[in-house]
Amino acid sequence: MQIPANRLDRVYRQHQAEYESKALEVLRSGYYILGEETARFEQAFADYLGGGFVVGVGCGLDALTISMHLLGIGCGDEVIVQGNTFIAAVLAIIHNGATPVFAEPDDGFCLSPESIERKITPKTKAVIVTHLYGMVTPMEPILSLCRSRRLMVIEDAAQAHGAEYRGQKAGTFGDAGCFSFYPTKNLGAFGDAGAVFVRDPALAEAIRTYRNYGSEKRYHNAMTGVNSRLDEMQAGFLNVRLRHLEELTQQKAAAAAYYSRYIANPLITLPVPAPETACVWHQYVIRCDTRDDLAAWLLTKGIHTDIHYPVPPHLTEACRFLQMKRGDLPVTERLTDTVLSLPLFFGITKEEQDAVILALNDYRPDKSEE
Ligand SMILES: *Cc1c(COP(=O)(O)O)cnc(C)c1O
(Lines give C-alpha, C1' and ligand atoms only; values in the text may rest on other atoms or scores of the structure.)
Protein backbone atom coordinates (compact mmCIF):
# COMPACT_ATOMS: atom_id res chain seq x y z
CA MET A 1 0.00 0.00 0.00
CA GLN A 2 1.29 3.45 -0.96
CA ILE A 3 0.10 6.30 1.23
CA PRO A 4 0.80 9.73 -0.25
CA ALA A 5 1.66 12.69 1.99
CA ASN A 6 -1.40 14.45 0.61
CA ARG A 7 -4.10 13.93 -1.98
CA LEU A 8 -6.88 16.27 -3.01
CA ASP A 9 -9.17 14.11 -5.10
CA ARG A 10 -10.95 12.61 -2.10
CA VAL A 11 -12.16 15.92 -0.72
CA TYR A 12 -13.48 16.79 -4.17
CA ARG A 13 -15.29 13.43 -4.40
CA GLN A 14 -17.00 13.99 -1.04
CA HIS A 15 -19.10 16.77 -2.57
CA GLN A 16 -18.48 16.15 -6.25
CA ALA A 17 -22.03 16.78 -7.47
CA GLU A 18 -22.21 20.13 -5.70
CA TYR A 19 -18.87 21.36 -7.11
CA GLU A 20 -19.78 20.23 -10.60
CA SER A 21 -23.19 21.85 -10.62
CA LYS A 22 -21.64 25.05 -9.23
CA ALA A 23 -19.07 25.05 -12.03
CA LEU A 24 -21.82 24.80 -14.63
CA GLU A 25 -23.85 27.48 -12.90
CA VAL A 26 -20.90 29.89 -12.99
CA LEU A 27 -20.04 29.06 -16.60
CA ARG A 28 -23.63 29.69 -17.65
CA SER A 29 -24.03 32.88 -15.59
CA GLY A 30 -21.95 35.06 -17.90
CA TYR A 31 -20.10 36.62 -14.91
CA TYR A 32 -16.56 35.44 -14.24
CA ILE A 33 -14.74 38.06 -12.13
CA LEU A 34 -16.04 39.87 -9.01
CA GLY A 35 -19.70 38.96 -9.35
CA GLU A 36 -22.37 37.51 -7.10
CA GLU A 37 -20.50 34.37 -6.06
CA THR A 38 -17.62 36.50 -4.78
CA ALA A 39 -19.93 38.91 -2.93
CA ARG A 40 -21.82 35.97 -1.42
CA PHE A 41 -18.63 34.24 -0.32
CA GLU A 42 -17.21 37.42 1.23
CA GLN A 43 -20.38 37.84 3.27
CA ALA A 44 -20.67 34.16 4.21
CA PHE A 45 -17.03 33.94 5.33
CA ALA A 46 -17.32 37.17 7.34
CA ASP A 47 -20.42 35.71 9.05
CA TYR A 48 -18.55 32.47 9.68
CA LEU A 49 -15.71 34.44 11.29
CA GLY A 50 -18.20 36.23 13.54
CA GLY A 51 -18.67 39.63 11.87
CA GLY A 52 -16.39 42.20 10.25
CA PHE A 53 -15.46 42.40 6.56
CA VAL A 54 -13.91 39.94 4.16
CA VAL A 55 -12.39 41.05 0.87
CA GLY A 56 -11.44 38.35 -1.63
CA VAL A 57 -8.07 38.60 -3.39
CA GLY A 58 -6.02 36.47 -5.76
CA CYS A 59 -4.06 34.40 -3.22
CA GLY A 60 -2.77 34.27 0.34
CA LEU A 61 0.47 36.06 -0.47
CA ASP A 62 -1.53 38.95 -1.95
CA ALA A 63 -3.73 39.05 1.16
CA LEU A 64 -0.58 39.58 3.25
CA THR A 65 1.11 42.03 0.88
CA ILE A 66 -1.98 44.16 0.24
CA SER A 67 -3.12 44.37 3.85
CA MET A 68 0.34 45.38 5.03
CA HIS A 69 0.58 48.03 2.32
CA LEU A 70 -2.81 49.52 3.21
CA LEU A 71 -1.95 49.47 6.90
CA GLY A 72 0.87 51.81 5.97
CA ILE A 73 3.85 49.47 6.27
CA GLY A 74 6.68 50.44 3.94
CA CYS A 75 10.32 51.46 3.57
CA GLY A 76 12.25 51.89 6.79
CA ASP A 77 9.79 49.85 8.85
CA GLU A 78 10.61 46.65 10.64
CA VAL A 79 8.05 43.87 10.93
CA ILE A 80 8.52 41.06 13.41
CA VAL A 81 7.71 37.61 12.05
CA GLN A 82 8.29 34.15 13.48
CA GLY A 83 11.23 32.15 12.16
CA ASN A 84 9.16 28.98 11.76
CA THR A 85 6.76 30.19 9.13
CA PHE A 86 5.97 29.65 5.48
CA ILE A 87 7.94 32.24 3.52
CA ALA A 88 4.83 34.14 2.30
CA ALA A 89 4.70 36.46 5.34
CA VAL A 90 8.41 37.24 4.92
CA LEU A 91 8.04 37.96 1.19
CA ALA A 92 5.06 40.23 1.85
CA ILE A 93 7.20 42.30 4.23
CA ILE A 94 10.02 42.50 1.69
CA HIS A 95 7.67 43.35 -1.22
CA ASN A 96 6.46 46.34 0.82
CA GLY A 97 10.03 47.57 1.22
CA ALA A 98 10.09 46.79 4.95
CA THR A 99 12.56 44.58 6.80
CA PRO A 100 11.65 41.23 8.33
CA VAL A 101 12.94 40.73 11.87
CA PHE A 102 12.69 37.15 13.04
CA ALA A 103 11.43 36.10 16.45
CA GLU A 104 11.38 32.58 17.83
CA PRO A 105 8.54 30.21 18.61
CA ASP A 106 7.88 28.87 22.12
CA ASP A 107 8.42 25.19 22.93
CA GLY A 108 5.47 24.29 20.69
CA PHE A 109 5.15 25.93 17.28
CA CYS A 110 3.64 29.26 18.36
CA LEU A 111 5.32 32.67 18.27
CA SER A 112 6.68 33.55 21.71
CA PRO A 113 5.72 36.95 23.21
CA GLU A 114 9.05 37.08 25.09
CA SER A 115 10.93 36.65 21.84
CA ILE A 116 8.84 39.41 20.18
CA GLU A 117 9.66 41.76 23.04
CA ARG A 118 13.40 41.21 22.59
CA LYS A 119 13.15 42.11 18.89
CA ILE A 120 11.23 45.41 19.21
CA THR A 121 13.17 48.51 18.12
CA PRO A 122 12.03 52.12 17.46
CA LYS A 123 11.50 51.05 13.82
CA THR A 124 9.15 48.18 14.60
CA LYS A 125 5.75 48.78 13.08
CA ALA A 126 3.92 45.46 13.23
CA VAL A 127 4.02 41.81 14.25
CA ILE A 128 2.83 38.97 12.00
CA VAL A 129 1.53 35.89 13.79
CA THR A 130 1.29 32.68 11.75
CA HIS A 131 -1.18 30.14 13.09
CA LEU A 132 0.83 27.20 11.86
CA TYR A 133 -0.55 23.70 11.10
CA GLY A 134 -4.09 24.70 12.13
CA MET A 135 -3.00 25.49 15.68
CA VAL A 136 -3.85 28.89 17.08
CA THR A 137 -1.27 31.03 18.79
CA PRO A 138 -2.57 32.21 22.20
CA MET A 139 -3.26 35.81 21.22
CA GLU A 140 -3.88 37.58 24.53
CA PRO A 141 -0.22 38.02 25.60
CA ILE A 142 0.76 39.13 22.08
CA LEU A 143 -2.14 41.55 21.72
CA SER A 144 -1.49 43.20 25.07
CA LEU A 145 2.24 43.51 24.34
CA CYS A 146 1.52 45.03 20.92
CA ARG A 147 -1.12 47.36 22.33
CA SER A 148 1.30 48.70 24.94
CA ARG A 149 4.07 49.17 22.35
CA ARG A 150 1.68 50.58 19.72
CA LEU A 151 2.40 47.86 17.17
CA MET A 152 -0.05 46.56 14.62
CA VAL A 153 -0.88 42.86 14.57
CA ILE A 154 -1.41 40.93 11.35
CA GLU A 155 -2.44 37.29 11.40
CA ASP A 156 -1.42 34.78 8.77
CA ALA A 157 -4.38 32.42 9.16
CA ALA A 158 -3.78 30.59 5.88
CA GLN A 159 -3.60 27.26 7.74
CA ALA A 160 -6.21 27.98 10.39
CA HIS A 161 -9.68 28.45 8.85
CA GLY A 162 -12.14 28.03 11.68
CA ALA A 163 -9.54 27.45 14.40
CA GLU A 164 -10.31 29.22 17.68
CA TYR A 165 -8.68 30.81 20.71
CA ARG A 166 -11.05 31.43 23.64
CA GLY A 167 -13.99 30.85 21.29
CA GLN A 168 -12.87 33.49 18.76
CA LYS A 169 -11.82 32.55 15.24
CA ALA A 170 -8.19 32.79 14.10
CA GLY A 171 -7.65 35.76 11.80
CA THR A 172 -10.03 38.07 13.69
CA PHE A 173 -7.75 39.23 16.52
CA GLY A 174 -5.49 41.77 14.87
CA ASP A 175 -5.63 44.67 12.42
CA ALA A 176 -5.91 42.26 9.50
CA GLY A 177 -6.32 38.50 9.12
CA CYS A 178 -4.94 36.93 5.95
CA PHE A 179 -6.31 33.75 4.42
CA SER A 180 -5.26 31.53 1.55
CA PHE A 181 -7.65 29.14 -0.17
CA TYR A 182 -4.90 27.26 -1.99
CA PRO A 183 -6.26 23.77 -2.79
CA THR A 184 -4.39 22.03 0.06
CA LYS A 185 -5.89 24.29 2.74
CA ASN A 186 -8.82 23.13 4.86
CA LEU A 187 -10.99 25.75 3.16
CA GLY A 188 -9.44 25.12 -0.24
CA ALA A 189 -10.51 26.24 -3.70
CA PHE A 190 -9.59 24.44 -6.94
CA GLY A 191 -7.09 27.08 -7.98
CA ASP A 192 -5.52 30.15 -6.40
CA ALA A 193 -7.61 32.33 -4.08
CA GLY A 194 -7.23 34.34 -0.88
CA ALA A 195 -8.96 36.90 1.34
CA VAL A 196 -8.34 39.55 3.96
CA PHE A 197 -10.47 39.93 7.09
CA VAL A 198 -10.67 43.36 8.73
CA ARG A 199 -13.00 45.08 11.21
CA ASP A 200 -12.43 48.63 9.98
CA PRO A 201 -14.96 49.40 7.19
CA ALA A 202 -12.72 52.09 5.66
CA LEU A 203 -9.82 49.64 5.44
CA ALA A 204 -12.13 47.03 3.87
CA GLU A 205 -13.18 49.59 1.27
CA ALA A 206 -9.55 50.52 0.56
CA ILE A 207 -8.63 46.85 0.00
CA ARG A 208 -11.69 46.42 -2.23
CA THR A 209 -10.53 49.34 -4.37
CA TYR A 210 -6.84 48.45 -4.33
CA ARG A 211 -7.32 44.84 -5.47
CA ASN A 212 -9.06 46.03 -8.63
CA TYR A 213 -6.59 48.53 -10.15
CA GLY A 214 -7.41 51.05 -7.45
CA SER A 215 -10.67 51.81 -9.15
CA GLU A 216 -13.92 52.29 -7.28
CA LYS A 217 -15.71 53.23 -10.43
CA ARG A 218 -14.73 51.58 -13.69
CA TYR A 219 -11.83 53.39 -15.40
CA HIS A 220 -11.61 55.96 -12.57
CA ASN A 221 -8.50 55.17 -10.57
CA ALA A 222 -8.37 56.45 -7.02
CA MET A 223 -5.10 54.74 -6.08
CA THR A 224 -2.19 52.89 -7.68
CA GLY A 225 -3.75 49.50 -7.12
CA VAL A 226 -3.03 46.00 -8.35
CA ASN A 227 -4.93 43.22 -10.07
CA SER A 228 -5.65 40.67 -7.36
CA ARG A 229 -9.25 39.56 -7.68
CA LEU A 230 -11.14 36.51 -6.51
CA ASP A 231 -12.78 34.96 -9.55
CA GLU A 232 -16.34 33.67 -9.68
CA MET A 233 -15.43 30.04 -10.27
CA GLN A 234 -13.19 29.86 -7.19
CA ALA A 235 -15.67 31.87 -5.11
CA GLY A 236 -18.42 29.47 -6.20
CA PHE A 237 -16.34 26.45 -5.15
CA LEU A 238 -15.56 28.18 -1.85
CA ASN A 239 -19.27 28.76 -1.21
CA VAL A 240 -19.77 25.00 -1.54
CA ARG A 241 -16.74 24.15 0.58
CA LEU A 242 -17.61 26.65 3.31
CA ARG A 243 -21.02 25.01 3.76
CA HIS A 244 -19.20 21.78 4.60
CA LEU A 245 -16.26 23.23 6.49
CA GLU A 246 -17.45 22.29 9.98
CA GLU A 247 -18.06 18.70 8.92
CA LEU A 248 -14.67 18.55 7.16
CA THR A 249 -12.93 20.02 10.20
CA GLN A 250 -14.57 17.33 12.36
CA GLN A 251 -13.21 14.64 10.02
CA LYS A 252 -9.68 15.97 10.38
CA ALA A 253 -10.01 16.38 14.14
CA ALA A 254 -11.14 12.75 14.41
CA ALA A 255 -8.23 11.55 12.26
CA ALA A 256 -5.76 13.63 14.30
CA ALA A 257 -7.22 12.27 17.56
CA TYR A 258 -6.75 8.74 16.19
CA TYR A 259 -3.05 9.40 15.58
CA SER A 260 -2.65 11.00 19.00
CA ARG A 261 -4.34 8.07 20.68
CA TYR A 262 -2.38 5.27 19.04
CA ILE A 263 1.07 6.58 18.13
CA ALA A 264 3.31 5.51 20.98
CA ASN A 265 7.04 5.64 20.50
CA PRO A 266 9.35 7.34 23.02
CA LEU A 267 11.41 8.71 20.11
CA ILE A 268 8.44 10.64 18.73
CA THR A 269 6.89 13.82 20.15
CA LEU A 270 3.25 14.35 19.26
CA PRO A 271 1.70 17.74 18.52
CA VAL A 272 -0.22 19.33 21.40
CA PRO A 273 -2.35 22.42 20.69
CA ALA A 274 -2.03 25.32 23.17
CA PRO A 275 -4.55 25.58 26.03
CA GLU A 276 -7.83 27.41 25.29
CA THR A 277 -7.52 26.76 21.56
CA ALA A 278 -9.44 24.64 19.06
CA CYS A 279 -7.02 23.33 16.44
CA VAL A 280 -8.23 22.52 12.89
CA TRP A 281 -5.32 20.18 12.04
CA HIS A 282 -4.19 21.56 8.71
CA GLN A 283 -1.16 19.34 9.31
CA TYR A 284 -0.29 16.69 11.89
CA VAL A 285 3.32 17.47 12.70
CA ILE A 286 5.40 15.17 14.88
CA ARG A 287 8.97 15.74 16.04
CA CYS A 288 11.82 13.26 16.09
CA ASP A 289 15.57 13.77 16.66
CA THR A 290 16.32 11.30 13.88
CA ARG A 291 13.69 12.75 11.56
CA ASP A 292 15.40 12.00 8.22
CA ASP A 293 16.01 8.40 9.26
CA LEU A 294 12.38 8.09 10.38
CA ALA A 295 11.10 9.49 7.07
CA ALA A 296 13.30 7.01 5.19
CA TRP A 297 11.94 4.16 7.31
CA LEU A 298 8.35 5.20 6.62
CA LEU A 299 9.11 5.35 2.92
CA THR A 300 10.24 1.71 2.96
CA LYS A 301 6.67 0.97 4.09
CA GLY A 302 5.17 3.05 1.28
CA ILE A 303 4.34 5.96 3.60
CA HIS A 304 5.15 9.38 2.19
CA THR A 305 5.63 12.34 4.48
CA ASP A 306 6.42 16.01 4.12
CA ILE A 307 8.48 18.60 5.97
CA HIS A 308 6.94 21.99 6.77
CA TYR A 309 9.42 23.53 6.22
CA PRO A 310 12.82 22.09 5.26
CA VAL A 311 14.55 25.50 5.09
CA PRO A 312 13.51 28.31 7.43
CA PRO A 313 13.00 31.66 5.63
CA HIS A 314 16.05 33.32 7.26
CA LEU A 315 18.36 30.67 5.74
CA THR A 316 16.88 30.70 2.23
CA GLU A 317 18.76 31.92 -0.81
CA ALA A 318 16.00 34.55 -1.22
CA CYS A 319 16.85 36.13 2.14
CA ARG A 320 20.62 36.02 1.80
CA PHE A 321 20.69 39.82 1.76
CA LEU A 322 19.64 39.74 5.43
CA GLN A 323 23.02 38.11 6.14
CA MET A 324 21.71 35.67 8.70
CA LYS A 325 23.36 32.36 9.41
CA ARG A 326 22.69 29.02 11.01
CA GLY A 327 22.66 29.45 14.77
CA ASP A 328 20.88 32.83 14.65
CA LEU A 329 17.47 31.27 15.43
CA PRO A 330 18.24 28.09 17.40
CA VAL A 331 14.64 27.23 18.35
CA THR A 332 13.41 27.62 14.77
CA GLU A 333 16.35 25.70 13.37
CA ARG A 334 15.81 22.86 15.81
CA LEU A 335 12.20 22.59 14.59
CA THR A 336 13.39 22.64 10.98
CA ASP A 337 15.61 19.65 11.72
CA THR A 338 13.03 17.60 13.63
CA VAL A 339 9.51 18.22 12.27
CA LEU A 340 7.71 15.69 10.08
CA SER A 341 4.17 16.03 8.67
CA LEU A 342 2.23 12.75 8.60
CA PRO A 343 -0.40 12.00 5.94
CA LEU A 344 -3.59 13.74 7.13
CA PHE A 345 -5.75 14.53 4.14
CA PHE A 346 -9.54 14.65 3.86
CA GLY A 347 -10.79 11.14 3.25
CA ILE A 348 -7.80 9.31 4.75
CA THR A 349 -9.00 5.87 5.84
CA LYS A 350 -8.54 4.05 9.14
CA GLU A 351 -6.54 1.38 7.26
CA GLU A 352 -4.14 4.02 5.95
CA GLN A 353 -3.80 5.58 9.38
CA ASP A 354 -3.27 2.15 10.96
CA ALA A 355 -0.39 1.50 8.55
CA VAL A 356 1.19 4.83 9.52
CA ILE A 357 0.72 4.14 13.24
CA LEU A 358 2.14 0.62 12.98
CA ALA A 359 5.24 1.83 11.12
CA LEU A 360 5.82 4.67 13.60
CA ASN A 361 5.42 2.41 16.62
CA ASP A 362 7.85 -0.11 15.08
CA TYR A 363 10.51 2.47 14.40
CA ARG A 364 13.97 2.27 15.98
CA PRO A 365 16.75 4.63 14.82
CA ASP A 366 18.93 1.96 13.17
CA LYS A 367 16.03 0.22 11.41
CA SER A 368 16.24 1.72 7.96
CA GLU A 369 19.82 0.49 7.70
CA GLU A 370 18.85 -3.16 8.24
C1 LIG B 1 -0.52 28.70 1.93
C2 LIG B 1 0.05 29.72 2.81
C3 LIG B 1 0.24 31.05 2.42
C4 LIG B 1 0.13 31.54 1.01
O5 LIG B 1 -0.93 31.27 0.30
P6 LIG B 1 -0.96 31.32 -1.30
O7 LIG B 1 -2.44 31.33 -1.55
O8 LIG B 1 -0.27 30.11 -1.80
O9 LIG B 1 -0.31 32.59 -1.74
C10 LIG B 1 0.66 31.96 3.35
N11 LIG B 1 0.96 31.60 4.59
C12 LIG B 1 0.82 30.34 5.02
C13 LIG B 1 1.13 30.02 6.45
C14 LIG B 1 0.39 29.35 4.15
O15 LIG B 1 0.28 28.09 4.58
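The values are calculated or read from the model by the stated rules, or taken from the named source; none is laboratory data. Being a predicted model, the structure only gives us computed values, none of them experimental. Ideal geometry is used to build each Cβ from the backbone, glycine not excepted, and the neighbour counts take in all protein chains shown. Keep in mind that these areas ignore ligands, DNA and RNA; they rest on the heavy atoms of the full protein, side chains included. Shrake-Rupley method; radii C 1.70, N 1.55, O 1.52, S 1.80 Å.
Miscellaneous remarks
- Residue count for region 27-49, restricted to those that are among the β-branched types (Val, Ile, Thr) and closer than 30 Å to Gly167 by Cβ: 1.
- Residue check, His282 touching a residue at least 24 places away in the same chain (Cβ under 8 Å), assigned to a loop (DSSP other than H, G, I, E, B) and closer than 23 Å to Asp106 by Cβ: yes
- Of residues in region 48-70 being closer than 25 Å to Phe109 by Cβ, more than 15 Å from the chain's Cα centre (by Cα) and open to solvent by 20 Å² or more (accessible area, probe 1.4 Å), the one nearest to the ligand (Cβ to nearest atom): Tyr48
- From the options Asn265, Asn239, Asn212, residue that is within 30 Å of Leu71 (Cβ to Cβ), open to solvent by less than 30 Å² (accessible area, probe 1.4 Å) and touching a residue at least 40 places away in the same chain (Cβ under 8 Å): Asn239
- Subset of region 194-203 that is surrounded by fewer than 21 Cβ atoms within 10 Å (Cβ to Cβ) and aliphatic (A, V, I, L, M) - its residue that is farthest from the ligand (Cβ to nearest atom): Ala202
- Residue match in region 96-113 (condition: within 16 Å of the ligand (Cβ to nearest atom) and under 20 Å from Ala195 (Cβ atoms)): yes
- Matching entry among Tyr19, Tyr12 (being more than 16 Å from the ligand (Cβ to nearest atom) and either open to solvent by 40 Å² or more (accessible area, probe 1.4 Å) or in contact with a Leu (Cβ under 9 Å, 6 or more places away or on another chain) (or both)): Tyr12
- Subset of region 310-331 that is basic (Lys, Arg) and more than 23 Å from Cys110 (Cβ to Cβ) - its residue that is most open to solvent (accessible area, probe 1.4 Å): Arg320
- Any hit, region 79-87, residues being over 23 Å from Leu187 (Cα atoms) and within 12 Å of the ligand (Cβ to nearest atom): yes
Every residue, every condition in (1) farther than 30 Å from Lys125 by Cβ; (2) touching a strand residue (DSSP E or B) at 6+ places or on another chain (Cβ under 6 Å), yes or no:
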position: Pro201; (1), (2): no, no
position: Arg208; (1), (2): no, yes
position: Ser215; (1), (2): no, yes
position: His220; (1), (2): yes, no
position: Met233; (1), (2): yes, no
position: Asn239; (1), (2): yes, no
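- Members of region 215-232 that are farther than 29 Å from Tyr19 by Cα and open to solvent by 70 Å² or more (accessible area, probe 1.4 Å): Glu216, Lys217, Arg218, Tyr219, His220, Asn221, Ala222, Thr224
- Residue match in region 243-250 (condition: at pLDDT 95 or above, within 16 Å of the ligand (Cβ to nearest atom), assigned to a helix (DSSP H, G or I) and surrounded by 16 or more Cβ atoms within 10 Å (Cβ to Cβ)): no
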